[in-house]
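Following: one structure in structure tokens, then a few remarks.
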Amino acid sequence: MPPLSRSLYFENSHGRIWEEPEGYVRLVYHAGPREAVQFRALLTHAAQALSRHRWSRMLVDQRDMAPFNPTEQDWMTNEWLPRAVNEHGYRHGAILVAHNVFARLATNQFVMASRNLPHVYRTFEAEAEATNWLKQVPDGR
């Protein structure tokens with residue numbers, strides 16, 4: 001039997017969302033500046049992809065991502081992540097860290113601001129380490 005392949009769930013100018021056969025969502029950010037509506041659509045669809053399969057794990061590939069601006073950071077911290085955790089079951093996020101040092105700093109601020117939620121983020125330089133970690137954490141709500 002051939003191995004299962006990932007399927008594209010959503011794409012816009014800011015990134016792609018894949019459904020991985022191992023039972024997690026893969027969010028890949030594209031390079032360049034972002035526009036608020038498209039950015040929010042990308043993340044909203046990522047949360048909906050989790051609900052679609054009742055998954056709780058996501059690989060977030062930020063390697064080519066530009067830094068979050070303060071408005072994006074605020075929306076993600078105060079609206080998107082609490083909703084993704086509480087309504088869509090998001091529990092474990094493996095982040096492939098950005099090449100851009102300012103994007104890394106913005107991500108670290110976001111991770112620190114979200115520590116009060118029942119959710120765990122881990123950062124990784126290598127994709128294999130990130131996917132291995134995701135496969136080891138329980139997929140449950």
message: I'd like to know which of Asn132, Ile95, Tyr9 lies farthest towards the positive end of the charge dipole of the chain, counting +1 on Cβ of Lys and Arg and -1 on Cβ of Asp and Glu.
response: Asn132
query: Out of the DSSP beta bridges found with both residues in the stretch 7-108, what percent are antiparallel (nearest 5)?
result: 55 percent
message: Taking 30 Å as R0, compute the FRET efficiency from the Cβ-Cβ separation of Val137 and Gln109 and round it to 0.05.
response: 0.80
field: Whole-Hz ³J(HN,Hα) from phi, Karplus 6.51 cos²θ - 1.76 cosθ + 1.60, for the stretch 31-44, glycine and proline x
entry: 6, x, x, 10, 10, 4, 5, 5, 4, 5, 4, 4, 6, 4
- line: GNM on the chain, Cα springs under 10 Å; top mean-square fluctuation among Val85, Val101, Val37 goes to Val37
query: For the residue pair Ala126 and Ala36, what label-to-label distance in nm results when each label sits 7 Å from Cα along the Cα-to-beta-carbon direction?
result: 4.2 nm
statement: GluC sites (Glu not before Pro) in the stretch 1-38 lying in a DSSP loop, each with at most 16 other Cβ atoms within 10 Å of its Cβ, come to Glu22, Glu35
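Bear in mind these aren't lab numbers, they're just calculated from the coordinates by the rules spelled out. Only a predicted model underlies this, so the values are computations on that prediction, with no experimental measurement involved. Please note: Cβ atoms are built from the backbone with ideal geometry, for glycine as well, and neighbour counts cover all protein chains shown.
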